[in-house]
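Working notes for the structure below.
The values are calculated or read from the model by the stated rules, or taken from the named source; none is laboratory data. Remember, predicted model here, so these are calculated numbers, not experimental data. Cβ placement follows ideal geometry from the backbone for every residue including glycine, while neighbour counts extend to all protein chains displayed.
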Amino acid sequence: MTNNLTPVAVVHSAIAAYRALDARHRVALNEYADDDGDIPENDLPAYDADRFTYALEADEQLDAVMAELAAAFGLPTDQPVTVLGQWHRTFEVTPGQLNDAAREAFTKGQCHAMALALTEVTGWPTTALLTAECLGCDSMCIGDAHDECPCRIGHIVVTRPDGAHVDINGAHTPGTVPGFQDAPALPMTEAHWKAIRSTSTWRDADMPVARTFVKPLLAALR
């Protein structure tokens, strides 16, 4: 599917792509069946392995389809969507509504998504607020580089031209961000972002939802 399709064309393309994928999987799995439609016991391990592989492929296609549909139709603004947070928590957040639910979700697990969304619009650089101790083992924590270990990143904000640190809760004088008072600040580097993208400690950045809060947040700052 392509990004320049109309919304209806996106849906039709998704249906056609799924049917093609499903047909390919069914044909491949049917090869294991005998004349009665049963899977011989000796073939079950290979059959189950292929089913698992096909299930993963279907999951990947579903993720792609949902992203295409969200891009074509937008996220719902009249009902909440689920956002992943820290420590296996989930939050129900209504896109575009800058309320307590959104502030909690984008403070406790999705602050990096909010920072990236703000940077997309404003160009303001991202900044890490560090914890006192490393929250886990990290291959970048070697020698004298301990202060720059990604495992010490507790919160990510953007730095406004006047020096203020901005997150979904608003603009703060450096050293006064709630929950991170007097925390050392460190400019985010691509190495830090790479570490965040590759560790399970940080959730995948929920950019579609984060982007819906940029406009109301910037309006509130003004």
Residues of region 17-40 being among the hydrophobic types (A, V, I, L, M, F, W, C) and closer than 16 Å to D59 by Cα, in sequence order, are A17, A20, L21, A23
Selection from region 162-180 of residues assigned to a loop (DSSP other than H, G, I, E, B) and either among the charged types (D, E, K, R) or more than 26 Å from the chain's Cα centre (by Cα) (or both) yields D162, G163, T173, P174, G175, T176
Within region 175-194, the count of residues that are touching a His at 6+ places or on another chain (Cβ under 6 Å) and over 11 Å from I153 (Cβ atoms) comes to 1
Of the residues in region 105-147 that are of a type in the set (V, I, T) and either modelled with pLDDT of 90 or more or not assigned by TED's automatic domain parsing to the domain that holds R197 (or both), the one that is farthest from R160 (Cα to Cα) is T107
With the first residue restricted to region 34-53 and required to be over 20 Å from D22 (Cα atoms), and the second required to be charged (D, E, K, R) and surrounded by fewer than 12 Cβ atoms within 10 Å (Cβ to Cβ), Cβ contacts under 8 Å at 6 or more apart or on different chains are P40/D34
Scanning region 208-222 for residues that are out of contact with any strand residue (DSSP E or B) (no Cβ under 7 Å at 6 or more places or on another chain) and surrounded by 17 or more Cβ atoms within 10 Å (Cβ to Cβ) gives P208, A210, R211, T212, F213, V214, L217
